[in-house]
Amino acid sequence: MINALQIIDYFYPEESSLKTLLLRHSNQVKDKALDILSHIPELSAKVNIETVVNGALLHDVGIRECNAPDIHCHGTRHYIAHGTIGAEMLRDYGRKHCLDLEAIARICERHTGCGLTAAEIRQQRLPIPERDFLPLTLEEKIVCLADKFFSKSGSMKEKDIEKVRKSMMKHGTATMERFDAMCALFHI
């Protein structure tokens, strides 16, 4: 059985502003994902709730390696890489502790934006592997969508749908189309 809080404690053993921020944000995303699912019983029956909960709690575990001082991250890597970093961290942890964390690792690497294609990574010269990181499973999509309603900076209050849409529009038509498809899927 996966214990997401134990895994967070492993990677963030000491109390810090970053750990507090990570836990607050991750719990917000978890609660939003569960709230969205609670309104669509026909999808809830098809979703692995444990994967959603653990994926939401661990989706940003890689932020500690990134350089984003505004949110207490003092690593050296570009912030866009936090998903792929987190996926690597979870896969390593899983191997060391005989846990299958692959579904959670995929949530980590596929939640950024509304997912990223290899072409977008190449065109934007992003410092992550050049391959598709698109959310495919219902679990990946619900965590990705729920994450869009919360920022780790500022007030950290839930954004309304129009504010989220405005943010997604900045990233182009393809991102907006993926966002709209997830909203339609989850009746938002």
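Compare the Cα positions of Ile85, Ile128, Ile104 along the charge dipole of the chain (+1 at Cβ of Lys, Arg; -1 at Cβ of Asp, Glu; about the Cα centre) and return the one farthest towards the positive end.
Ile128
Just to be sure I understand: with springs between alpha-carbon atoms less than 10 Å apart, which residue in Leu37, Leu58, Leu22 has the highest mean-square fluctuation in the Gaussian network model of the chain?
Leu37
Filter the cross-link list Lys19/Lys163; Lys148/Lys170; Lys19/Lys141; Lys19/Lys166 down to pairs whose alpha-carbon distance in this structure exceeds 22 Å. Mind dumping the intermediate values first?
Values: Lys19/Lys163 26 Å; Lys148/Lys170 13 Å; Lys19/Lys141 25 Å; Lys19/Lys166 29 Å.
Where the Cα-Cα span goes over 22 Å, the pairs concerned are Lys19/Lys163; Lys19/Lys141; Lys19/Lys166.
Tell me the net charge near Ala103. Cut-off is 9 Å between Cβ atoms, Ala103 excluded, with +1 for each Lys or Arg and -1 for each Asp or Glu. Display every interim value, and only then the final one.
Working: positive: Arg106; negative: Asp100, Glu102, Glu139, Glu140.
Around Ala103, the surrounding residues sum to -3.
For the pair Met1/Glu102, report the inter-label distance in nm, with labels modelled 7 Å from Cα in the Cβ direction.
2.4
Name the helices (complete DSSP H segments) of the chain with a Cα length along the long axis of 20 Å or more and a Kyte-Doolittle mean of at least -1.0, or state none. If you can, show how the numbers build up before the last one.
Numbers: long enough: 17-38 (31 Å, -0.15); 82-96 (21 Å, -0.95).
Counting only whole DSSP H runs, the qualifying helices are 17-38, 82-96.
What are the residues whose amide H is under 5 Å from the amide H of Cys73, where those residues sit 5 or more places off or on another chain and H is modelled from the backbone?
For Cys73, whose amide H was placed from the backbone, the distant partners under 5 Å are Ala68.
Compute the signed sum of charges (Lys and Arg +1, Asp and Glu -1) over the other residues within less than 12 Å, Cβ to Cβ, of Lys166. Write out the running numbers ahead of the final one.
On the way: positive: Lys148, Lys159, Lys163, Arg165, Lys170; negative: Asp160, Glu162.
After counting each charged neighbour, the total is +3.
Calculated from DSSP H runs of 4 or more alone, at -39500 (n - 2.57) each and per residue, what is the 222 nm mean residue ellipticity of the chain, nearest 500? If you can, show how the numbers build up before the last one.
Numbers: 10 runs with 107 residues, N = 188.
Value at 222 nm, helices only, nearest 500: -17000 deg cm²/dmol.
Pick the calculated Cα extents along the principal axes in Å for this structure from (1) 53, 35, 31; (2) 47, 41, 32; (3) 39, 38, 33?
Only one listed value fits the structure, namely (3).
With the cut-off at 1.5 for a/c, could you classify the stretch 55-116 from its C-alpha gyration tensor as rounded, prolate or oblate? Please list the in-between numbers first.
On the way: a/c = 2.37, a/b = 1.49, b/c = 1.59.
Oblate is the answer for the stretch 55-116, as a/c is 1.5 or above yet b/c matches or exceeds a/b.
Using Cα pairs under 8 angstrom and six or more residues apart, how large is the relative contact order of the stretch 69-139, in percent?
Working: 71 pairs, mean separation 20.6, N = 71.
Result for the stretch 69-139 is 29 percent.
For the stretch 1-25 and the stretch 57-124, what is the separation of their C-alpha centers, rounded to whole Å?
Here the two parts' Cα centres lie 15 Å apart.
What distance in nm separates the simple spin-label points at Leu43 and Lys157, each placed 7 Å from Cα in the Cβ direction?
Going from the Leu43 label point to the Lys157 one covers 2.6 nm.
For Glu120, Glu162, Glu50, Glu65, write out the residues from largest to smallest accessible area, computed with a 1.4 angstrom probe and no ligands counted. Could the numbers behind the result be given before it?
On the way: Glu120 25, Glu162 115, Glu50 90, Glu65 65 Å².
The most accessible residue leads, giving Glu162, Glu50, Glu65, Glu120.
Treating cross-link reach as a plain straight distance, find the aspartates and glutamates whose alpha-carbon is under 16 Å from the alpha-carbon of Lys32, omitting any fewer than eight places away in the same chain.
The qualifying aspartates and glutamates are Glu50, Asp60, Glu139, Glu140, Asp147, Glu158, Asp160.
The values are calculated or read from the model by the stated rules, or taken from the named source; none is laboratory data. On a predicted model such as this, the values are computed, not experimentally measured, just so you know. Note: ideal-geometry Cβ built from the backbone for every residue, glycine included; neighbour counts use all protein chains shown. SASA here: full protein model, heavy atoms, side chains in, ligands and nucleic acids out. Shrake-Rupley method; radii C 1.70, N 1.55, O 1.52, S 1.80 Å.
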